[in-house]
Structures are given as structure tokens and as C-alpha cells.
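A quick write-up on the structure given underneath.
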Amino acid sequence: MGSVVLAISGSLRTPSFTEKMLDLCIDGMREKDDSLEVHRFYPHTMEIGPCTSCWSCWGHKRPGVCAQKDDFEQILDVYKRADYFLLAAPLYIFDFPATVKNVIDRFFIDLMPSQIELPSGGTQHPKRFGRHPRAVLISSCGFPEIENFNLLRQHFRIICEHMEWPLSGELLISAAAAAHAPKLFDRKYEAIRKAGAELIQGEITESTTEAISAPVIPAEEYRRMASLSFERGITSKVKVAAIAIKALRRKDGTG
């Protein structure tokens, strides 16, 4: 049996660009491990209540058992076997969508009541299930600056440190609306597949991460493109196409 992948697909849209990124990463992983066992979950389609902080799972009667009986049990069952944890979520007001944060909060069940010191200093809880899946953050946003991910990245890094999930990569694409332009993101898609293959071999390299996040269009041009895309009429569509063609020619060295 191959490695087990727990994948959270956190976009509430269909079709979803962030899920396309997740698909490409998994494709790359399968290139190196065709026996990969992938379990994908869509929190917004599931019945998952918020953690109520009742501390029932910390009690003596049923330690490690949540008082809520809902669809999070499906995620937890896979987590207890997972070798990889892929968290794919678009940027919502600079952080996780609420449905994804809800899932993360429910991992409280993996924590034990006592407090111990973190290797880096500070305090953490011991883990109940002894799972340490390699974690990867996958996200996209509609603004062109990569700095818009700063809060999300810091949030996920802290979660990984406290949950003892080795952070093995961050696949981040800003200016995601440019993906509608044909061929403009082709190299990024190749890099995401490569990232999946690298993940199976250890962790995603810095050069691949940079290739995925590298801008393909100047911020000012992108802002014009994104703004025009919400306007009606053939004129705005022609203007969007002209901006995309200019960016593509520049990228190919023909403009």
C-alpha cells in the first residue's frame, strides 16, 4: 500500500483555481508514487460543527473522542494514517476561509491537556495520535502582490509547529485572475507538478516555490485586467485580451 494523502479542498467555488493547483500537485506526486492513496475532502459540503471548547475529548471518560458526531470523523480517520497533509484554500480577507478554519479547530482533539515546552521555546500540548504528516499549503489570491499571503503563511507555520506537521512546501499564486488568459500560467502549472514530485522525494525546493509564485504580469496591468473582467460588453473583453496577449509576448520574449 502506498503513502496516504489527506487533502483539504477549501475553495467554495466550482470550478476552482485553487483546486486546480491541488490537482496538479497530486498529479506530480503520483508520477513518483503510483500507489498513492488520496483522500480529498470539501469542508463546505460536509456537516462539520465548530469546536465548542467543551473539553470532552480531554476528559477521563472518553479521552480523544469528540462529543460531536459529524463528518469531521471522516477526516480524522484519514488523518490517523496520513503521511501527507495538503491544505488547499484560497485567500479570504488575508487568511483561511471560515469552513477551512473550522476543520483546523477540530484538530484540537489531537492535543492532550498537559503543557510542555516547544523545541523553539514557548509552550505546546503533547499530541495524542502520533501523526506527523508532511504539510503543504496551497493557495491563490486575486491581488497581484505575493505579500498578501503573509498572514496566511505565518498562521499555517504556527499551526504546523504546534501540531508537529513538518512544513514541506508553500505553493502560492497571486494575481490568480490572470489564469484565465491562455498559456500565461503554463510554466506555473509545470512547476506545481514538479513540486508534487519533489514532495514525494522529501520536500519542495526553493527554486520550484519561486517559479510558482513569480509574477507573470506587471501589477498595474493586472489590476486593469482584473477590473475590466467584471465589466460587461465586448469592449472590455477585447481590452482584457489585449493586456493578456501583451503579457504573454513579454513572457515569451516576443513583445
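Brief remarks follow.
- Each peptide in 3-11, 78-86 gets a packing score, the mean of other Cβ atoms within 10 Å over its residues, and the list from highest to lowest is 3-11, 78-86.
- At least 18 Å along the helix axis (C-alpha) and Kyte average at least -0.5, DSSP helices within the chain: 17-32, 150-163, 234-252
- Residue-wise HN-Hα coupling along segment 166-179, computed from phi with Karplus coefficients 6.51, -1.76, 1.60 (Hz; x: Gly, Pro): x, 6, 10, x, 10, 10, 10, 10, 8, 6, 5, 5, 5, 5
- Of all DSSP bridge pairs formed entirely within the chain, close to 15 percent run antiparallel.
Values in this text are rule-based calculations from the coordinates and carry no lab data. Every value quoted in this text rests on a predicted model; they were computed, and no experiment measured them. With ideal geometry, Cβ positions are generated from the backbone for all residues, glycine too; neighbour counts draw on all protein chains shown.
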